[in-house]
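K.L.:
Below is a structure I'd like to ask you about.
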Amino acid sequence: MKRIHKYIDDVLSDKIVTCRFVKKAVERHVDDLKSGPDRGLYFDEKEAQKILSFYETLKLWEEPCAGEIFSLLPHWAFIVANLFGWKKIETGRRRFRKSYIETAKKSCKSTVMGGLAAYSLVVEAESGAQIYCAATKKEQSIIVWRSARNLLKRSDWASCLRFLQYSITKEDTFGLFSYLSKDDGADGKSTSLGIIDEYHQHTKSVILDSIETSCQSRPQPLLIIITTAGFNQYLPCYSEREYAAKILKGTVQDDSYFSIIYTLDTTHDWPDLIGLKDDRQGKKEDDWQDENVWIKANPGIEYGLPDREKIRAIVRQAIEMPTQINNVITKHFNVWTSTTERWVSTDLWDKNSGKVELQRYQRVWGGVDLSGVADLTSFVWVYNSEKKLAIQPYFWCTEAWLNDPTNKYAEQFRAWAEEKYITIQPGNALNFVSVRADILNVVKEKKLSVQSVKVDQGFDSHTFCQNLDYDLGGSDNFPKVGTGRMGSLLPAIDELERLLLDGLVINGNNPVLRFCISNTEMKRNNDGFRRPWKPEGHAKIDGTVATLFAVLQWLVEGGSTQDETYEPPSELIMF
């Protein structure tokens, strides 16, 4: 228990830098040591030490720590000791029935929970114990289970267990440890210990509710929620977090609920703080770029969990690429953010400026975003040039849209049309036959070697796709043109960002494409995957979408900025 006492002293004396939530969790523990008996509670140090000692009977299996004794870091020792050390005076059973633990990525959550589940199975060994870890997908829920399996297999406890494909059993006590996904549920089960992993990914509380209900018949059940922060504050995890925060702040008293949140101190959680951009004097919220506060969300960073150098590199990249900021703040500093964020800064885009010129016989990949009436239609070629990725865009819109009084960009678009950056078509609906003809004229003039083209679904994309594929010489067996969904663009988003950061793009100095790029936001789903998102109003991102579809084709078909081959192919499509 010495490391627990030292951790408590170090937190309260500010020897360890912690956020307010952590300090309040420690203060709650200390206060309960004094006032708990009045509420029928006591802290059993021997029981707490028992589980801490159990961890040291296990050996880690992953490099760089493979083969080492599993000795819990101080903050994890504090958490585990709280969960198993606090008891009810009347029954001698555990005090806590539910727990919310929130930390940044790479904090060893799954491994610690695996050890905790192992302890429940082989040491507590409740008769007929049923232990489950659950997540939205089996691939996630199996992580904690696999941690327990790997820890136990190399321990002296292995001889009393059976390791099956989907479970671990202790037959003398009829104990079971398995894993679930949201599709399985816990109906018909009697859960003694439940672990909900990465709860921020859950769109509904079904699996948590199911496991919590299945605990009711157990004498001392425990449901543990472990998670990193997320992007959607309307999902059930954030509601759970709000309740956990109220307990720590003292506005709600719930002696059956343990909570601890490792995060940065922000004005969202603590309104008395002053925002970073606020000129007022006083206590400021934490700056995610300040290394001194990283430990608040990453309490194991001094022990290499996570690696400080890797976090530095991630932060440097986010500073250059604003679209990464929300992801970095959320995943690496455990701060809840919004689902949308600005993408590429105009400064970064302009650092990749340069003129482009299609070469004869150039190998090209295309992307298309079609439009209705009040929008742009965009077509983009990407190709290799000077060991960089060159981008050549084309744009079309209707005369009716330019005359629309609600189009606040009409004057600017007319100016770009005069400079031949946009082709204006008469009427109030685009003629896609004319658009295809314009594309084919470029292909014929330069005798381009068209590798493939991807068309964003919608706005009669299927017909356009079929006709363009025929124009370019595609066939049923070997089509050159196909449709794609916005949700498939993540690889292209990541790759274009990397190329821009490395200065390996030539963007053609096209002002319309620059306009689209500057408007583009990225929206994340619950898994953190991104897709282009158009902000409110008339801002256009059509050029961005077409560019990303072209980059996706280039990337999927093995495109590389090192490929400089311009020789005419042996067989050319003749027009």
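K.L.:
Being farther than 24 Å from T423 by Cβ and either at pLDDT 95 or above or not acidic (D, E) (or both) is true for just one of I506, I493. Which residue is that?
P.N.:
Checking each option against the conditions leaves just I493.
K.L.:
Within the stretch 400-409, how many residues are outside any helix (DSSP H, G or I) and among the aliphatic types (A, V, I, L, M)?
P.N.:
First pass over the stretch 400-409, keeping only residues outside any helix (DSSP H, G or I): 403-409.
Still in the running and among the aliphatic types (A, V, I, L, M): none.
Selection size over the stretch 400-409: 0.
K.L.:
While we're looking at this one, here's another question. Name the residue, out of D307, D290, D278, D347, that is within 21 Å of the chain's Cα centre (by Cα) and of a type in the set (D, E).
P.N.:
Selected residue: D307, the only one of D307, D290, D278, D347 that is within 21 Å of the chain's Cα centre (by Cα) and of a type in the set (D, E).
K.L.:
Do you know which residues across the stretch 125-160 are more than 31 Å from the chain's Cα centre (by Cα) and without any contact (Cβ under 8 Å) to a residue 40 or more places away in the chain?
P.N.:
K153, A158, S159, C160
K.L.:
A further question follows. Within the group T544, T483, T463, which residue is more than 18 Å from V364 (Cα to Cα) and assigned by TED's automatic domain parsing to the domain that holds V380?
P.N.:
Just one listed residue meets the conditions, T463.
K.L.:
Sticking with this one: Tell me which residues, restricted to the stretch 213-249, are without any contact (Cβ under 8 Å) to a residue 12 or more places away in the chain and in contact with a Gly (Cβ under 8 Å, 6 or more places away or on another chain).
P.N.:
none
K.L.:
Evaluate the following for A229: is it farther than 30 Å from R93 by Cα and crowded, with 23+ Cβ neighbours inside 10 Å?
P.N.:
It is true that A229 is farther than 30 Å from R93 by Cα and crowded, with 23+ Cβ neighbours inside 10 Å.
K.L.:
Restricted to the stretch 188-226, and to residues that are part of a helix (DSSP H, G or I) and of a type in the set (V, I, T), which residue is surrounded by the most Cβ atoms within 10 Å (Cβ to Cβ)?
P.N.:
It comes out as I207.
K.L.:
State which residue pairs qualify: first residue under 16 Å from E102 (Cα atoms) and in contact (Cβ under 8 Å) with a residue 40 or more places away in the chain and inside the stretch 291-304, second residue among the charged types (D, E, K, R) and in a helix (DSSP H, G or I) in any location, beta carbons under 8 Å apart, and separation of 6 or more residues or different chains.
P.N.:
From the stretch 291-304, the pairs are I295/E302.
K.L.:
Of the residues T173, T191, only one is more than 22 Å from E63 (Cα to Cα), among the β-branched types (V, I, T) and touching a Lys or Arg at 6+ places or on another chain (Cβ under 9 Å); which?
P.N.:
T191
K.L.:
Give just the number: which of (1) assigned to a strand (DSSP E or B); (2) more than 24 Å from the chain's Cα centre (by Cα); (3) closer than 24 Å to S71 by Cα; (4) not small (G, A, S) does T169 not satisfy?
P.N.:
T169 satisfies all of (1) assigned to a strand (DSSP E or B); (2) more than 24 Å from the chain's Cα centre (by Cα); (3) closer than 24 Å to S71 by Cα; (4) not small (G, A, S) except (3).
K.L.:
Quick one: count up the residues across the stretch 366-378 that are more than 30 Å from the chain's Cα centre (by Cα) and either without any contact (Cβ under 8 Å) to a residue 24 or more places away in the chain or in a strand (DSSP E or B) (or both). Walk me through how you get there before you give the answer.
P.N.:
Pass one, the stretch 366-378, residues more than 30 Å from the chain's Cα centre (by Cα): 371-377.
Restricting the remaining residues to those that are either without any contact (Cβ under 8 Å) to a residue 24 or more places away in the chain or in a strand (DSSP E or B) (or both) gives 377.
Matching residues across the stretch 366-378 total 1.
K.L.:
Looking at the stretch 405-454, which of its residues are touching a residue at least 60 places away in the same chain (Cβ under 8 Å), closer than 20 Å to T483 by Cβ and of a type in the set (D, E, K, R)?
P.N.:
K454
K.L.:
Can I ask one more? Scan the stretch 393-408 residue by residue and report those that are surrounded by fewer than 24 Cβ atoms within 10 Å (Cβ to Cβ), under 23 Å from F432 (Cα atoms) and under 36 Å from the mean Cα position of the chain (by Cα).
P.N.:
Of everything in the stretch 393-408, those that are surrounded by fewer than 24 Cβ atoms within 10 Å (Cβ to Cβ), under 23 Å from F432 (Cα atoms) and under 36 Å from the mean Cα position of the chain (by Cα) turn out to be Y394, W396, N407.
K.L.:
One residue is enough: does the stretch 243-254 have a residue meeting the conditions part of a loop (DSSP other than H, G, I, E, B) and buried (at least 18 other Cβ atoms within 10 Å of the Cβ)?
P.N.:
no
K.L.:
Continuing with the same structure: Take the residues in the stretch 344-353 that are at pLDDT 85 or above and in contact with a Ser or Thr (Cβ under 9 Å, 6 or more places away or on another chain); name whichever of them is surrounded by the most Cβ atoms within 10 Å (Cβ to Cβ).
P.N.:
Among those residues, the one meeting the criterion is V344.
K.L.:
Based on what the data block shows, is G354 more than 27 Å from Q324 (Cβ to Cβ) and not in a strand (DSSP E or B)? Can you show your working first?
P.N.:
On the way: more than 27 Å from Q324 (Cβ to Cβ): no; not in a strand (DSSP E or B): yes.
The answer is no for G354.
K.L.:
Out of the stretch 364-387, which residues are out of contact with any helix residue (DSSP H, G or I) (no Cβ under 8 Å at 6 or more places or on another chain) and surrounded by fewer than 24 Cβ atoms within 10 Å (Cβ to Cβ)?
P.N.:
Hits for the stretch 364-387 are G372, N384, S385, E386, K387.
K.L.:
Which one of these does W270 not meet: (1) surrounded by 20 or more Cβ atoms within 10 Å (Cβ to Cβ); (2) touching a residue at least 60 places away in the same chain (Cβ under 8 Å); (3) within 27 Å of Q324 (Cα to Cα)?
P.N.:
Tallying (1) surrounded by 20 or more Cβ atoms within 10 Å (Cβ to Cβ); (2) touching a residue at least 60 places away in the same chain (Cβ under 8 Å); (3) within 27 Å of Q324 (Cα to Cα), W270 fails exactly one: (1).
K.L.:
Of (1) closer than 30 Å to G543 by Cα; (2) at pLDDT 90 or above, P306 satisfies all except one. Which?
P.N.:
Answer for P306: the failing condition is (1).
The values are calculated or read from the model by the stated rules, or taken from the named source; none is laboratory data. As the structure is a prediction and not an experimental result, all values here were calculated from the model. In this analysis, Cβ positions are derived from the backbone assuming ideal geometry, glycine residues included, and neighbour counts consider all displayed protein chains.
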